[in-house]
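*Asks:* Below you'll find the structure I mean.
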Amino acid sequence: MRPTFSIIFFTVASGAGYGVWFLIALASLLVWPEYAPANGITPSMWPRLMVFGLGAGFVLVSSGLVSSLGHLGKPKRAWRAFSQWRSSWLSREGVAAVLTYLPVLAIALAIVHDRWMLHETGNSGEFESLLWMSGPIPILASLLLLAGSLATIYCTANIYACLKPIRAWHNRYVVASYLMIGIYSGGLVAWTLTTFPQGQILDLRYLLFGIVVFAVAASLLKITYWRFVDQGTALNAGDATGLGSLGEVRSFEQPHTEENYLTHEMGFRLARKHSRKLRMICLISGFAIPTLMALLSLIVPNLGITAAWISLVSGMLGIFVERWLFFAEAKHAVMLYYR
Amino acid sequence: MTSLPPPAARKLGLVIDLDTCVGCHACAVACKEWNDGGSFGPLPDEDPYGAEPMGVWFNRVHSYEVRGIGNGESGMVKAGAKRDASCSSSIPRSPFPIPEPSAQPIPHSPFTIPGSTQSIHFPRSCLHCETPACVTVCPTGASYKRAEDGIVLVDEDKCIGCQLCAWACPYGAREFSAKHGVMQKCTLCVDRIYNETLEEIDRQPACVMACPTRARHFGDLGDADSDVSKLAADRGGYALMPEFGYKPVNRYLPPRPRRDAASASPQTKPTTEPIDTTQMSPLLRWVDRVLSR
Amino acid sequence: MPHASLALNTPTGDMVKTTTCYMCACRCGIRVHLKDGRVRYIDGNPKHPVNRGVICAKGSAGIKQHYSPARLSKPLLRIGERGAGEFREIEWDEALELAAKWLGDIRKRNPDELAFFTGRDQSEALTGWWAQQFGTINYAAHGGFCSVNMAAAGMYTFGGSFWEFGEPDWDLTKYLMLWGVAEDHDSNPIKLGLGKLKGRGAKIVAINPVRTGYGAIADEWVPINPGTDGLLAGAFIHELLRNDRVDLEYLVRYTNAHHLVIRDSGAADDGLIARDADGHPLCASRSAEGMEAKTILVRADSVESSPLVVGEYTLADGRKAVPSFQLIAERFLGDDYAPESVSKRCGVSVETIRRLARELAETAFDQAITLDQAWTDVHGREHATMIGRPVSMHAMRGISAHANGFHTCRTLHVLQMLLGAIDTPGSFRYQPPYPKPAPPPNRPGKSRKDDGTLDGGPLGYVQSPEDLLVDADGQPRRLDRAYSWQHPLAAHGLMHSVIRNAWAGDPYRIDTLFMFMANMGWNSSMNTGETRRMLCDRDEASGEYRIPHIIYSDAYLSETVAFADLVLPDTTYLERHDCISMLDRPISDADCAADAIRQPVIEPNRDVRPFQDVLIDLGTRIGLPGLLSADGSAKYPGGFAQYMVEHERAPGVGLLAGWRGADGTKSGFGEPNPDQIKRYVENGCVWEAKIPAAGRYYKMANRDYLSWAKSLGFVGSTDAIVMQLYCETLQRFRLAAQGHGTQQPPANERARVERYFDPIPFWYEDLASDSLLTSRGPHREGQSRGAKSSERAYPLSAITQRPMFMYHSWGSQNTWLRQITARNYLYLNPQTGAANGVADDDWIWLVSPLGRIRVQARFHAATAPGTVWTWNAIGKHKGAWKLDADAPENRDGFLLNHLINELLPSERNSQSYANADPVTGQAAWFDLRVRIECDPSPQKSGHRIEMHDKRSVQ
Ligand SMILES: Nc1nc2c(c(=O)[nH]1)N[C@H]1C(S)=C(S)[C@@H](COP(=O)(O)OP(=O)(O)OC[C@H]3O[C@@H](n4cnc5c(=O)[nH]c(N)nc54)[C@H](O)[C@@H]3O)O[C@H]1N2
Ligand SMILES: Nc1nc2c(c(=O)[nH]1)N[C@H]1C(S)=C(S)[C@@H](COP(=O)(O)OP(=O)(O)OC[C@H]3O[C@@H](n4cnc5c(=O)[nH]c(N)nc54)[C@H](O)[C@@H]3O)O[C@H]1N2
Ligand code: SF4
Ligand code: SF4
Ligand code: SF4
Ligand code: SF4
Ligand code: SF4
Ligand SMILES: [Mo]
């Protein structure tokens, strides 16, 4: 399948965006409330990371979605895409994406409200009136954000995974890798955010450790996926035409000597040696380097900033390559008619 | 609504006879012509007179060669072999020297056609599947299957041109043009087959009307008694790539077995003794043959 | 949500008009649907006899042709160099005045200085007549480079022809043998017919080096080596005779099988048919007088006789004679036509040859059919039934486009006759106005009357050397050397020789070359580059162009336009009146006579005029007799539409046969009917006359048919038309070559004429590789020499095929058709590729003695090894057809013609013959032999032409 930038950017960026949101939500649920006071973090400096995270996620997700419009023949009608959630994964993706903005909005409001309260109360230690510390709303919002982010990535993945004619997409690896890589790239972003002024979180080790685990897992997943892709399809022109029983079927003349939509869109060919090169790039730049950086900065504390940024840049680059290959290496069944 | 309609009784579709198709492209061009000016047109043509002419077609004709058994090709002797020199007694001598006919195509390489080879032409258009993903993947409801007759259409006013449906079709029946921004496909000539402004006999798909060998047939494959259903039944009509589970409605009729050397009838009735030309003049046989005018 | 915009009842257009398609020469009936003054849709006319509603790819693409950007829009006058394509737009008056001046002067000086050649015919009824009025003998249409071999062989043998003048009995035949047919003129009827055969389960055999199209659906494909069909057909005949599986009854009734041939070598009538005092052919007959049977000589056409087909008989004057059948039998029973002898050369196994011959016989005789249809033969005898031999054949350019095509085609007809399979139920059938006497009686015009007009149509059928157009020294009188000793039976002229001969001034210089609808600057010329050079070559001495004036009428910006001094832009086929006339190439089928018209369905939006109107205007301006009325005023101010209706060839005979007579009630004969065109239009622009049921078969000897045909003016008498198993006409020329008669060939032509004018068909190696060393030098030596070189140097045969969706060069300006094929490949068998180190899709060099062209190779297993081929006329010349310079047609597509020599190889041009059939002058396109050379960078794309003669213009 012909790799188009708008779609690749969409899946990569939104993936990372939802990844960050997912992590932020997770953090706020598990990590934050309990031992924040205990560690004497004053309200005045709390949820910076939350703010950065929500912001970064918002930028990534939104730019991704906007870019996906660029792929449409009639972007102005995009709104129609929400209607078919009953059957269409693309439609579902759209719905999920929109819904996921709601918890983000809720949390944002909560933060604004708290800031204002603190300002009124002059940062006195009374946290009661703060939405954040008190109960359900943030928890609920975080839960929704968590679910929404995962759901949206899941839908995105299924847009491709549900397409039977494309073997490289219609398989169980696809959803898994979209989810995994989405969260992983979110992690890389989150790590970078911690290097922002007052962005640090208490215990970075969990994040770094998570990054390493996901990088390794994702690499393994991709490698098995590529194995699967390389097996190729068993089908040939004989099956496509149903004439196989007569003998070996070979295309003598195509319906058109020049390119047409099908051959242009679905006949994209990638030389084996190129794909090998790119796969290496993907693994090294996408997963190996970040892993290395993460491990390093676990040992050498003040490596922080540089390590994080290197990981982000190299990681995202690798993931972009991964996504490019995801399209470039995918063969469409219709091309059987052209063999 | 892109959820599929409940299975309908009527299943309009085409039956295409690969035994008769000569690959003339008449169906493809007639289709292009009808739809270009019809309710689903225009069918854009990009760079029409330039280096990369590319347009939207609903019907494309492929040509295949099939190398296998019983494909009706007389075992060709080694084209490489040379005619034996002794050939020129009752053929009048040429006052101009006749060179040894250069019979061998390529010197020193004995040729035979491996197995035998058949050419088969194969028109490809929408099969109006019963359970096609091209409909269910559509996010807008633009791609839909008609409940009443099973025709799969695109509502170009709803289509956002995401091309998912084209990706979802294993048969390459949908074509998209940036020029238009919407997906286009075979309509089974829905704007002909019900068209009351046309004479009864003209209410058929343009490709079917055009086909000079009459290899294309249109009808209701849901009705077991319809001509097309019977034809498909008699001739072992088959659906393309059933493994995708889209349940195509269109049927293709396989080439009939060829009557060639393999299947040739053995000498039926003994002819009058072939005479050995070296023994006596064969002409004598006719000497006292009494004929009447 | 409903599909709001779904409109199921939109009318196709606001108006429908019927006319006749001309996207090719098949001439189907079409319905043109107009919407807001534009063509919206073209479909087949279901009521039309030719296509019964179907329409081909070209026909449907007619819209894009009609609106093609390559249409010419105004008369053009050359301002730049010839070939540069620099013109000035001028008004019609200026254009016509200029043309009238050039032509008028010529006519006063010497009408033969005008060479008027109309490529694509269909308007010969006017153009031929116009040439006759002008008085030039230098006129012809495209038949010479097309398929005159089929026409001539057929007309001289059985007064009909393959081509589209006959057809297999689609409804009854059980066995169809296709010899070298890819598409043919009868495009849609053949396809409809094949569909019928498939439905009925009749067997189809394709004899063809390539298996595509029709061959693809054939039951059996016989991959034959190009140029060897004469051998294969001969072997079939050999087998039929050897097994005594021939229809002798049929032969003696309908052919000259029993006619006695004089055997008196050296005599002036040796080999001619023995005749009685009043010229009636004689035959030997068994007559039982009293007890013992004795042999007597009687009129061959007498019905009482019981003719003998073998044996030697003594004529009244004591000389010996034998039935022609015996001569045929002797020739084909000879070892040369034994399957064993031909097998290897043809590339067809002995078993296959034997089996196919057997199948032919079995189908013809063991599966004979009988129609319960009473009929009366020419002798007035009633027959209760019609016996049918359900074996049919169709053959076309695979046979004709070789220099041995005439005799090969005649061999096929002999094969048909021996099977009793011409115009019987289930076999090949005549289409009215055929059959005509073999050969038809009209001879080519030779001399000019006082009013300057020619004494006959410029084209016709020579019956004897006396009819040739040669001067006192036996040298050609026609520019193209048609009807000369070089090509005596050139019934359609030699358009492919015109440019070379005019350029070389051999036999003489001309003043004006006037061409219509022929892309001679490209796909209808051999050695194209050289031809293009000749068109713009100048005389060293005078500095003038060697061809002083070139006038050309085209509708589109073809390659040839650039070479014209004056361009007369024609309309498209939807913008004019045309006439598909019984006097030309009608559209009849075997059951009905039919002619048709084209009517303008839409107004031209450009300053163009129908060529036939222009021709009439031009003729009027130069005062051609037939175009002026008594008072000297224009006779047809209404142009061709008026001519079509009012012009009479003979009293009561005009271009159209339908609705004649003042009240439109007459057919065939009848005074002009002012409403004639109206009546045609009412009837879908076509007229049909069904043949009476009793006259549908055995037309050559069927009184019911012949009297019907006579009433319509197709034949002059109801006498039987005797098929020429033995062709006496050819023998007349051979005798002349042997030194008999008043008109004899010059010495240097005798050997050639004597050899090729054999009254009995035979096979010979194609002339191109038969390097024509004139009789000098002992045979053997020359033989082996020629052999070795030609074998080693050019081992492959190169041919072309018509793509069903393109018409020669016209298709590429059509955006829909070029989206199917915008470039062509050289197709070859994978083994041929392997043997030459060629991989699929490699760019390679194709080499012939003329030079080499760079083409892209594509493997095709259904191509006989030893043959390479491509689609015809896909490659285009930059600048033509309004295609971008980097269009695939220009960049990667190619034209095979560059490699085809227009002359036969000859030692130091001692005598240069056209690369054509020595009997008819048919262009031998398919005798091309080539070799493959690899290119250092086979992946680099791009077509190139490298001729040995560097001057040739590409
Ligand atoms: N290598 C090779 N060469 C071949 C052949 C082959 O098989 N192989 N085939 C040969 C044969 S059989 C033939 S018949 C010739 C055909 O060769 P041509 O007859 O020269 O080829 P066409 O493409 O038919 O071109 C005829 C011209 O008519 C013009 N034309 C089209 N419509 C109209 C119209 O309405 N009015 C006017 N005035 N002009 C019009 C076209 O623009 C074109 O320039 O080619 C011959 N050349
Ligand atoms: N679509 C379309 N239709 C056309 C035309 C067109 O250009 N396009 N042109 C029209 C014209 S002008 C003409 S003359 C007719 C010609 O109609 P065809 O006679 O069908 O002309 P070709 O396409 O040259 O086909 C020649 C066939 O003979 C085969 N062949 C070549 N050499 C030999 C041989 O030695 N022996 C045998 N047995 N076969 C051989 C070739 O493989 C090819 O299949 O078509 C007419 N109809
Ligand atoms: S053929 Fe393709 S487009 Fe047509 S219904 Fe089936 S899946 Fe959909
Ligand atoms: S391209 Fe149009 S029809 Fe196809 S899925 Fe997208 S919206 Fe639906
Ligand atoms: S049915 Fe109509 S739309 Fe479909 S392929 Fe045929 S002509 Fe085209
Ligand atoms: S029109 Fe008929 S014969 Fe021609 S390609 Fe289409 S199906 Fe085949
Ligand atoms: S065969 Fe096609 S192009 Fe030729 S006349 Fe008929 S419809 Fe027109
Ligand atoms: Mo032709």
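Rule-based calculations on the coordinates, nothing more; no lab input. On a predicted model such as this, the values are computed, not experimentally measured, just so you know. With ideal geometry, Cβ positions are generated from the backbone for all residues, glycine too; neighbour counts draw on all protein chains shown.
*Asks:* Return the equivalent ellipsoid semi-axes of region C:106-155 as a descending list in whole Å, where each equals the square root of 5 times an eigenvalue of the C-alpha gyration tensor.
*Replies:* Details: eigenvalues 111, 23, 17 Å².
Here the semi-axes work out to 24, 11, 9 Å.
*Asks:* Follow-up question, since we're still on this one. So, in Å, what gap is there between the alpha-carbon centers of region C:166-228 and region C:60-121?
*Replies:* If we compute the Cα centre of each part, the gap is 40 Å.
*Asks:* Using alpha carbons only, how many degrees (0 to 90, rounded to 10) separate the axis of helix A:272-281 from the longest principal axis of chain A?
*Replies:* 10
*Asks:* For residue C:443, what residues show an amide H to amide H distance below 5 Å, using hydrogens built from the backbone and excluding near sequence neighbours?
*Replies:* It is C:461, by chain and number.
*Asks:* Could you go through region C:844-849 in sequence order and give the Karplus-derived ³J(HN,Hα) for each residue, using 6.51 cos²θ - 1.76 cosθ + 1.60 with θ = phi - 60°, rounded to whole Hz, and x for Gly and Pro?
*Replies:* 9, 9, 9, 10, 10, x
*Asks:* Within chain C, what's the longest stretch lacking GluC sites (Glu not before Pro) that sit in DSSP loops with no more than 14 other Cβ atoms inside 10 Å? Kindly include the intermediate steps, with their values, before the conclusion.
*Replies:* Values: sites that count: C:81, C:86, C:91, C:289, C:292, C:304, C:312, C:540, C:544, C:648.
With a cap of 14 other Cβ atoms within 10 Å, the longest stretch comes to C:649-954.
*Asks:* Residues with amide H under 5 Å of residue C:388's amide H, sequence separation 5 or more or different chain, H placed in the peptide plane at 1.01 Å from N; which?
*Replies:* C:369, C:370, C:371
*Asks:* Checking the cross-link filter: which lysines have an alpha carbon closer than 20 Å to that of residue C:678, excluding same-chain neighbours under 8 positions apart?
*Replies:* List returned: C:17, C:47, C:666.
*Asks:* Checking the table B:230/C:203; A:76/C:58; C:344/C:950 against a 28 Å threshold on Cα-Cα, which pairs fail? Don't skip to the end; give the middle numbers.
*Replies:* Details: B:230/C:203 24 Å; A:76/C:58 40 Å; C:344/C:950 39 Å.
Violating the 28 Å limit, Cα to Cα: A:76/C:58; C:344/C:950.
*Asks:* Write down, largest first, the equivalent ellipsoid semi-axes of region A:186-339 in whole Å, where each equals the square root of 5 times an eigenvalue of the alpha-carbon gyration tensor. Provide the component values of the computation, followed by the final result.
*Replies:* Values: eigenvalues 419, 44, 24 Å².
Semi-axes (√(5λ), whole Å): 46, 15, 11.
*Asks:* Here is a further query. Let me check I've understood the local charge: for residue C:587, count other residues with C-beta under 11 angstrom from its C-beta, Lys and Arg +1, Asp and Glu -1. What total comes out?
*Replies:* On the way: positive: C:27, C:585; negative: C:164, C:186, C:584, C:589, C:595, C:688.
Surrounding charge for residue C:587 is -4.
*Asks:* Quick one: what are the phi-derived ³J(HN,Hα) couplings along region A:104-110, Karplus 6.51/-1.76/1.60 with θ = phi - 60°, whole Hz, x for glycine and proline?
*Replies:* My calculation for region A:104-110 gives 4, 4, 3, 4, 3, 4, 3 Hz in order.
*Asks:* Where in region C:355-412 are there trypsin sites (Lys or Arg not before Pro) that are in a DSSP coil and have at most 15 other Cβ atoms within 10 angstrom of their Cβ?
*Replies:* Numbers: sites: C:355, C:358, C:381, C:397, C:410; in loops: C:381.
Counting only loop positions with at most 15 other Cβ atoms within 10 Å, the trypsin sites (Lys or Arg not before Pro) in region C:355-412 are C:381.
*Asks:* Taking neighbour counts of Cβ atoms within 10 Å as a proxy for exposure, in what order, fewest first, do C:947, C:700 appear?
*Replies:* With the fewest neighbours first, C:947, C:700 line up as C:947, C:700.
*Asks:* Follow-up question, since we're still on this one. Have a look at the DSSP beta bridges in the protein assembly as shown and tell me what percent are antiparallel, nearest 5.
*Replies:* Values: 112 of 154 bridges.
Roughly 75 percent of the DSSP beta bridges within the protein assembly as shown come out antiparallel.
*Asks:* A further question follows. Restricting the count to DSSP beta bridges whose residues both fall in chain C, what percent are antiparallel, rounded to a multiple of 5?
*Replies:* 70
*Asks:* Sticking with this one: Rounded to the nearest 0.05, what FRET efficiency do residue A:203 and residue A:139 give with R0 = 22 Å and r taken as the Cβ-Cβ distance? Could you check? Show your work: numbers first, answer last.
*Replies:* On the way: r = 21 Å, r/R0 = 0.95.
That gives a FRET efficiency of 0.60.
*Asks:* What percent of all Cα-Cα pairs in region C:617-686 falls in each 10 Å bin, counting up from 0?
*Replies:* 22, 46, 26, 6
*Asks:* Same structure again: Using the Kirkwood radius built from alpha carbon pairs, what does the Stokes-Einstein equation give as D for region C:502-592 at 25 °C and 0.890 mPa s, in µm² per second? The partial results should precede the final answer.
*Replies:* Working: Rh = 15.3 Å.
Approximately 160 µm²/s, per Stokes-Einstein.
*Asks:* Rounded to the nearest 0.05, what FRET efficiency do residue C:748 and residue C:885 have when you use their Cβ-Cβ distance and R0 = 45 Å? Walk me through the numbers on the way to the answer.
*Replies:* On the way: r = 48 Å, r/R0 = 1.07.
Computed FRET efficiency for residue C:748 and residue C:885 comes out at 0.40.
*Asks:* If you don't mind, there's one more thing I want to ask. With θ set to phi - 60°, apply the Karplus curve 6.51 cos²θ - 1.76 cosθ + 1.60 along region C:616-623 and write out the HN-Hα couplings as whole Hz, x wherever there is a Gly or Pro.
*Replies:* In residue order, the calculated couplings are 5, 4, 4, x, 5, 4, 8, x Hz.
*Asks:* Considering the Cα positions of region C:1-85, please state its Rg to one decimal place and its Dmax as a whole number of Å.
*Replies:* 18.2, 66
*Asks:* So what's the gap between the Cα centers of region C:442-484 and region A:314-339, to the nearest angstrom?
*Replies:* Comparing the Cα centres of region C:442-484 and region A:314-339, I get a distance of 73 Å.
*Asks:* Once you wrap a convex hull around the alpha carbon atoms of region C:808-854, what is its projected area averaged over all directions, in nm²? List each step's numbers first, then the result.
*Replies:* Working: hull surface 18.6 nm².
Spelled out: convex hull of the Cα atoms, projected over all directions, averaged, 4.7 nm².
*Asks:* Using Cα centres only, tell me the gap between region C:811-871 and region C:21-51 in whole Å.
*Replies:* Taking the Cα centre of each part, region C:811-871 and region C:21-51 sit 34 Å apart.
*Asks:* When all alpha-carbon pairs of region B:144-257 are counted, what percent fall beyond 18 Å?
*Replies:* Details: 3946 of 6441 pairs.
The share of Cα pairs beyond 18 Å in region B:144-257 comes to 61 percent.
*Asks:* Another one. Normalised by the number of residues in chain C, what is the relative contact order in percent for Cα pairs under 8 Å and 6+ residues apart?
*Replies:* Details: 2278 pairs, mean separation 159.5, N = 954.
Relative CO of chain C lands at 17 percent.
*Asks:* Cα-based Rg (one decimal) and Dmax (whole number) for the protein assembly as shown, in Å?
*Replies:* Radius of gyration, then largest Cα-Cα span, for the protein assembly as shown: 38.9, 152 Å.
*Asks:* Considering amide H positions built from the backbone, and no H for Pro or chain starts, which residues 5 or more places from residue C:28, or on another chain, come under 5 Å of its amide H?
*Replies:* Answer set, sorted by chain and number: C:21.
*Asks:* Say R0 is 35 Å: what FRET efficiency, to the nearest 0.05, do residue A:113 and residue A:317 get from their beta-carbon distance?
*Replies:* Values: r = 39 Å, r/R0 = 1.12.
The calculated FRET efficiency here is 0.35.
*Asks:* If one computes P(r) from the Cα atoms of chain C, what percent of pairs lie at distances over 58 Å? Let's see the in-between values first.
*Replies:* Values: 30474 of 454581 pairs.
That fraction is 7 percent.
*Asks:* Under the Kirkwood approximation for Rh and a Cα-based Rg, what ratio Rg/Rh is obtained for region C:818-954?
*Replies:* Taking Rh as the inverse mean 1/r over Cα pairs, Rg/Rh reads 0.99.
*Asks:* Which three extents, in angstrom, do the Cα atoms of region C:231-315 have along their principal axes, listed largest first?
*Replies:* Result, largest extent first: 41, 38, 21 Å.
*Asks:* Given labels modelled 7 Å from the Cα in the Cβ direction, how far is it in nm from residue B:292 to residue A:69?
*Replies:* My value for the distance between the label points is 9.5 nm.
*Asks:* Further, regarding this structure: Counting Lys and Arg as +1 and Asp and Glu as -1, each charge on the Cβ, what is the dipole of region C:254-307 about the Cα centre in debye, to the nearest 20?
*Replies:* That gives a dipole near 140 debye.
*Asks:* Taking the Cα atoms of chain A, what is the range of coordinates along each of the three principal axes, in descending order and whole Å?
*Replies:* Principal-axis extents of the Cα atoms in chain A, largest first: 86, 47, 28 Å.
*Asks:* Working from the pairwise distances between different alpha carbons, so that the mean of 1/r is found and then inverted, what is region C:322-451's Kirkwood radius in Å?
*Replies:* Hydrodynamic radius (Kirkwood, Cα pairs) of region C:322-451 is 17.9 Å.
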